[in-house]
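These notes are about the structure you will find just below.
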Amino acid sequence: MKITVKRVRDGYGSNWLCDNVEVGHSLKALPPSGVFTSRPTSRDFLLIAGGSGITPVMSIAKSALAAGDGDVVLFYANRNDSSVIFSNELNELAAKYPDRLTVVHWLESVQGIPTVTQLKNVLRLFSSYDAYVCGPAPFMAAALTALDQLGFPRERKHHERFISLESNPFDIEDALAEPDSPELSTEEITSAAAQSPPRTFRVQGQVAGAPFDHDDWAPDQMLLDFLLSKKLSAPFSCRAGECSSCMFRVVEGSVTMLHNDVLDDEDLDDGFRLACQSVPESEELTISYDF
């Protein structure tokens with residue numbers, strides 16, 4: 001087990017880890033979650049990473065090479081040669097799997113920031129592969145646009161966004177308490193149900209293998225806060241609508257999301273929502289964390 005930490009200016013997590021963690025310290029971590037994981041290992045993989053976005057992509061590359069038999073192509077963009085994370089490890093993997101791993105380095109200092117057209121010219125060679133994208137927002141936007149224009153279907157296109165936290169999202173004492181007053185103004189809740197809500201709403205489903213059925217969800221309470229108040233192990237991370245750790249699928253009913261910086265139109269069409277930003281819309285809701 002190991003983690004990768006890149007210190008950034010004003011980084012809430014990276015600076016704390018670099019300045020405080022020493023040998024012998026014990027850290028509490030979230031269990032593995034999310035959908036940015038390798039699919040059938042016999043597939044070919046097109047991995048597209050920018051900067052520290054290589055971290056989850058590297059794990060997928062190593063898993064695919066160790067457990068599968070398909071080809072792995074890594075397109076890795078960085079500012080300059082000294083910014084390449086895992087440089088030595090990538091060289092070792094390329095030497096170990098010379099017939100299966102291809103690494104394409106793109107350096108901004110030499111080639112500039114990759115455009116959609118430039119990305120298409122490289123990625124079109126691997127149009128039958130499963131694509132995974134992670135990196136800074138502008139890079140991801142360009143890469144995903146390139147994949148869309150190349151006709152990559154939804155089931156072969158995966159991405160993961162990351163953000164820098166500004167506070168501790170796991171300080172949840174307020175969330176565990178029953179709400180005494182509305183968390184949101186009437187203007188913030190735009191759904192018809194919120195404009196004339198019943199006293200409480202019913203929500204049911206399953207979290208971490210535990211079924212639940214509650215009929216006292218307040219109209220002004222975020223779904224994540226409600227689940228945590230019921231001592232349910234609902235996954236979450238940023239609590240700001242900027243990652244996807246708290247993502248769930250609506251099975252029946254509907255919610256109103258107040259903020260969303262991570263789910264795209266395809267995600268929304270598939271019924272995915274963010275629990276940390278969802279308030280009730282329909283009187284009854286059935287959800288699932290099993291994707």
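The values are calculated or read from the model by the stated rules, or taken from the named source; none is laboratory data. These numbers were taken from a predicted model, which means no experiment stands behind them. Cβ atoms come from the backbone with ideal geometry, glycine included; neighbour counts cover every protein chain shown.
The table below lists the values:
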item: Hey, Glu266 at pLDDT below 95, more than 22 Å from Ser167 (Cβ to Cβ), surrounded by fewer than 22 Cβ atoms within 10 Å (Cβ to Cβ) and touching a helix residue (DSSP H, G or I) at 6+ places or on another chain (Cβ under 6 Å) or not; result: yes
item: Test set (1) at pLDDT 95 or above; (2) surrounded by fewer than 18 Cβ atoms within 10 Å (Cβ to Cβ); (3) part of a helix (DSSP H, G or I) - Pro98 fails condition number; result: (3)
item: Residue within segment 108-121 that is at positive phi and surrounded by fewer than 12 Cβ atoms within 10 Å (Cβ to Cβ) present; result: yes
item: Residue within segment 75-85 that is assigned to a helix (DSSP H, G or I), polar (S, T, N, Q) and modelled with pLDDT under 95 present; result: yes
item: Ile48 being part of a helix (DSSP H, G or I), under 26 Å from Met247 (Cβ atoms) and of a type outside the set (Ser, Thr, Tyr); result: no
item: Search result, residues across segment 123-162 that are under 15 Å from the mean Cα position of the chain (by Cα) and among the acidic types (Asp, Glu); result: Glu160
item: Matching residues in segment 16-42 - criterion: being modelled with pLDDT under 90, of a type outside the set (Val, Ile, Thr) and under 23 Å from Cys134 (Cα atoms); result: Ala29, Leu30, Pro31, Pro32, Ser33, Gly34, Phe36, Ser38, Arg39, Pro40, Ser42
item: Selection count where residues are among the hydroxyl-bearing types (Ser, Thr, Tyr), over 15 Å from Phe170 (Cα atoms) and not in a loop (DSSP other than H, G, I, E, B), scope segment 216-265; result: 1
item: Residue satisfying all of: in segment 1-46; of a type in the set (S, T, N, Q) and over 28 Å from Gly68 (Cα atoms); surrounded by the most Cβ atoms within 10 Å (Cβ to Cβ) among these; result: Ser14
item: Any pair with Cβ under 6 angstrom, 6 or more apart, that starts in segment 264-291 at a residue that is assigned by TED's automatic domain parsing to the domain that holds Leu227 and at positive phi and ends at one that is surrounded by 13 or more Cβ atoms within 10 Å (Cβ to Cβ) and modelled with pLDDT under 90; result: none
item: Val279 assigned to a strand (DSSP E or B), buried (at least 17 other Cβ atoms within 10 Å of the Cβ) and either touching a Pro at 6+ places or on another chain (Cβ under 7 Å) or modelled with pLDDT of 90 or more (or both); result: yes
item: Segment 57-74, subset among the charged types (D, E, K, R) and not in a helix (DSSP H, G or I), residue surrounded by the fewest Cβ atoms within 10 Å (Cβ to Cβ); result: Asp69
item: Scan of segment 215-226 for residues that are within 27 Å of Val35 (Cα to Cα) and more than 20 Å from the chain's Cα centre (by Cα), ordered by number; result: Gln221, Phe226
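Yes/no per residue for (1) under 20 Å from Pro169 (Cα atoms); (2) hydrophobic (A, V, I, L, M, F, W, C); (3) not in a helix (DSSP H, G or I):
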{"site": "Val8", "(1), (2), (3)": "yes, yes, yes"}
{"site": "Trp16", "(1), (2), (3)": "yes, yes, no"}
{"site": "Gly24", "(1), (2), (3)": "no, no, yes"}
{"site": "Leu27", "(1), (2), (3)": "yes, yes, yes"}
{"site": "Leu30", "(1), (2), (3)": "yes, yes, yes"}
{"site": "Val35", "(1), (2), (3)": "no, yes, yes"}
{"site": "Arg39", "(1), (2), (3)": "no, no, yes"}
{"site": "Ser42", "(1), (2), (3)": "no, no, yes"}
